[in-house]
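Notes follow once the structure below has been shown.
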Amino acid sequence: MNLLIISDLHINSNNNNNIFGWNSFDFIHQLQKVILKYNIDKVILNGDIYEMYQSTFEDIKNSNKQLVNQLNSDYFYYIKGNHDGLNDFGNQNFVHTNSSGKTIYIEHGHHADFMSGTKVGRFFENLFFKFLKIFLKFSFIKKIFFEVVEYNDQINRIPRKYDRYKYLKYALKLLKKYDLVVLGHTHKIEEHKTYYINQKKIYLNCGSCTFKRFQGIVLNTETLKHKIIKKSNLKVKKTTKVLKIQNNILKNSEFCNKEYFYNN
Ligand SMILES: [Mn+2]
């Protein structure tokens with residue numbers, strides 16, 4: 001099985017302050033190219049796909065209908081990130097054991113942080129989100145909350161303060177149990193190989209697709225062979241074929257299923 005793992009798109013409802021930076025159609029087209037090139041069977045959305053610190057899911061969906069519909073199809077496996085705290089859907093992680101017994105573990109990576117990774121932190125985090133769900137019904141509180149979060153959050157600041165060591169340490173701990181670990185969250189693409197009691201271990205970070213970059217990891221679950229995809233500020237050429245595809249997206253909500261790719 002070939003997986004494509006991407007994370008940290010931070011798709012917002014506000015087009016003026018959209019750190020995702022992609023036009024929905026261009027992003028779907030880019031995704032389609034990668035899916036075809038590497039014969040991808042499943043796309044793993046490894047957290048922080050939607051920017052739910054700043055907007056509600058409903059608002060994000062209303063401003064990016066086609067894209068959200070595509071990402072919600074069965075072809076995509078949704079993992080929760082720290083920006084998904086208010087989100088009712090999604091999985092905590094993706095675990096797979098291949099035919100030779102090698103194990104793959106994929107999660108967003110925020111459990112390395114105090115708020116999501118410790119009992120005390122999680123208690124306050126859950127309490128905070130419970131209250132937030134009630135208070136967000138009042139639009140003036142919602143507005144203040146999203147403004148405060150936007151100010152505090154590092155994602156739209158360049159340079160962002162990075163502490164990759166913490167996540168590397170967290171990945172190494174996971175690698176005692178699993179053979180290959182993929183995290184996101186840091187927005188920095190990474191690849192590390194090491195050995196633990198003669199067993200080869202791999203830690204990968206799938207980076208981020210913000211600011212119109214396309215970063216991700218293609219992984220074959222049988223061979224554990226992987227490829228890092230790293231493209232910066234892509235310009236998508238709009239050929240007549242692309243325009244035809246864009247029209248079809250509007251008509252066909254199953255755009256991201258494989259048969260559709262091959263038949264069109
Ligand atoms: Mn994150």
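Read-outs: derived from the displayed coordinates by stated rules, not from any lab. It should be emphasised that the depicted structure is a prediction, and the values quoted were computed from it without experimental measurement. Virtual Cβ from ideal backbone geometry, glycine too; neighbours counted across all protein chains shown.
Some notes on this structure:
- Cross-link pairs exceeding 30 Å in C-alpha to C-alpha distance, out of Lys193/Lys231; Lys61/Lys143; Lys42/Lys133, comprise Lys42/Lys133.
- Amide H contacts under 5 Å for His187: Gly207, restricted to partners 5 or more places along the chain or on a different chain, H placed in the peptide plane at 1.01 Å from N.
- Cross-link pairs exceeding 32 Å between alpha carbons, from the set Lys37/Lys166; Lys65/Lys102; Lys80/Lys227: Lys37/Lys166; Lys65/Lys102.
- 3J(HN,Hα) from dihedral phi, region 95-109, Karplus parametrisation 6.51/-1.76/1.60, rounded to Hz, x for glycine, proline: 10, 9, 10, 8, 5, 9, x, 6, 10, 10, 10, 10, 8, 5, x
- Loop-resident trypsin sites (Lys or Arg not before Pro) (DSSP state other than H, G, I, E or B) in region 170-207 with no more than 13 further Cβ atoms inside 10 Å of their Cβ: Lys176, Lys177.
- Rounded FRET efficiency, nearest 0.05, which uses the C-beta distance separating Asn126 from Thr103 and R0 of 35 Å: 0.75
- For Leu234, residues with placed amide H under 5 Å, excluding near neighbours: Phe214
- Theoretical FRET efficiency, 1/(1+(r/R0)^6), r = Cβ-Cβ of Val95 and Ile141, R0 41 Å, to 0.05: 0.60
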